[in-house]
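Participant: My questions all concern the structure below.
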Ligand code: ADP
Ligand code: ADP
C-alpha cells in the first residue's frame, strides 16, 4: 500500500507539485497521464526520495516518512520498498545481463552469489531473456535492454514498482514487447505506478488512471470512466 499526503515539490521557486494526495492499494495498478511538464516524473521520484519532496508524507506499508524530518535511514528504507524502471535503462555496460540483475541482490540485499544467481535466472526467464544471460547490454535491442531493467527492479522483490515512461526511448517496433512484459508483471499481482503516454496501454493495464496537470491531480477514475467521457 502507498499513501501520499500533501506532497509538494519546489525547484527553486518553481512550484512543481502542489499538494498531491494519492492512495494505491496492494496489487493495484495505477497509470499516471498528463501533459509534459505536469510533474508526473517528479511525483514518481518523490515516492522513493530520488527527489526530496519539499513537504508532505510518503507511506509505504508501515513505513511512514515525513519529508521535513526524513533521516538517511528512513530514505534507505523507502528505497528498499520500491523498484524503479527508468526511461533510459541505466544498465551497467561492462556487466552481462545476468550480472546486471544479480548485482542488486548481492550488493544491496547481501544475498549469497549462488542464491542470487538462481533468483536472477528465474526472473530473467519471466521477462523472456533466459537465452540472453551472458550477453552485454550493447548486444541487445532496446526492448531487451528495457526488459533487463524490469528484471532488475523485480529482483529486489519490492512492495511497489515505479515505471517512468518505460517505452519512451524505444523504437516503435520494440514498444509492444516491453508493454507485454509490463502487463505480465501487473498480472502477477504487483503494486504498480506507471507514467506513460501510451493511452491504450493505460486503459488495458490499469485499475485506475490519474490525470495530472500543472502539479495537481485533476481527474481520476477507472480507465472505463475516463476514456468513455
Ligand atoms: P513530466 O514528467 O510530467 O513531464 P516533470 O516532473 O519531469 O514533468 O517536470 C515538472 C516540472 O519540473 C517541469 O517544469 C520541469 O522542467 C521541472 N523539473 C523537473 N526536474 C527538474 C530539476 N531536476 N530541476 C529543475 N526543474 C526540474
Ligand atoms: P529475439 O531472438 O529475442 O527475437 P532479436 O531478433 O530482436 O531477438 O535479435 C536477434 C539478435 O540480435 C539478438 O542476439 C539481439 O541481442 C541482437 N540485436 C537485436 N537488436 C539489436 C540492436 N539494435 N543492436 C545490437 N544487437 C541487436
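Any read-out appearing in this document is the output of simple, stated calculations on the displayed coordinates, not a laboratory observation. Predicted model only: the values in this text are computed from it and were never measured. Don't worry about glycine lacking a Cβ; one is built from the backbone with ideal geometry, like all the others, and counts go over all protein chains shown.
Participant: Over the chain, consider all pairs of different Cα atoms and compute the Kirkwood hydrodynamic radius from their mean reciprocal separation; express it in Å, one decimal.
Facilitator: Hydrodynamic radius (Kirkwood, Cα only) of the chain equals 18.1 Å.
Participant: Given only helices, namely DSSP H runs of n ≥ 4 each adding -39500 (n - 2.57), what is the per-residue ellipticity at 222 nm of the chain, to the nearest 500 deg cm²/dmol?
Facilitator: -10500 deg cm²/dmol, from helical runs alone.
Participant: While we're on this one: Can you tell me the order of 85-94, 200-209 when each peptide is scored by its average per-residue count of other Cβ atoms within 10 angstrom, highest first?
Facilitator: Most protected by this proxy first, the peptides run 200-209, 85-94.
Participant: Angle, helix 142-155 long axis vs. longest principal axis of the chain, Cα atoms, 0 to 90°, nearest 10?
Facilitator: 80
Participant: Highest mean first, how do 34-45, 167-178 rank when packing is the count of other Cβ atoms within 10 Å averaged over residues?
Facilitator: Final packing ranking: 34-45, 167-178.
Participant: With an 8 Å cut-off on Cα pairs and a minimum separation of 6 or more residues, tell me the relative contact order of the chain in percent.
Facilitator: Taking the mean separation of contacting Cα pairs over the length of the chain, I get 28 percent.
Participant: What angle, in degrees between 0 and 90 and rounded to the nearest 10, separates the Cα long axis of helix 72-81 from the longest principal axis of the Cα atoms of the chain?
Facilitator: Once rounded, one gets 70 degrees.
Participant: Considering only C-alpha atoms, what is the centroid distance from the range 32-51 to the range 178-229, in Å?
Facilitator: 14
Participant: Hey, another quick one. Sequence gap at least 6, Cα distance under 8 Å: using those rules, report the relative contact order of the range 68-202 to the nearest whole percent.
Facilitator: With pairs under 8 Å counted, the relative contact order is 32 percent.
Participant: Of 98, 124, how do they rank once you tally other Cβ atoms within 10 Å and put the fewest first?
Facilitator: The most exposed by this proxy come first: 98, 124.
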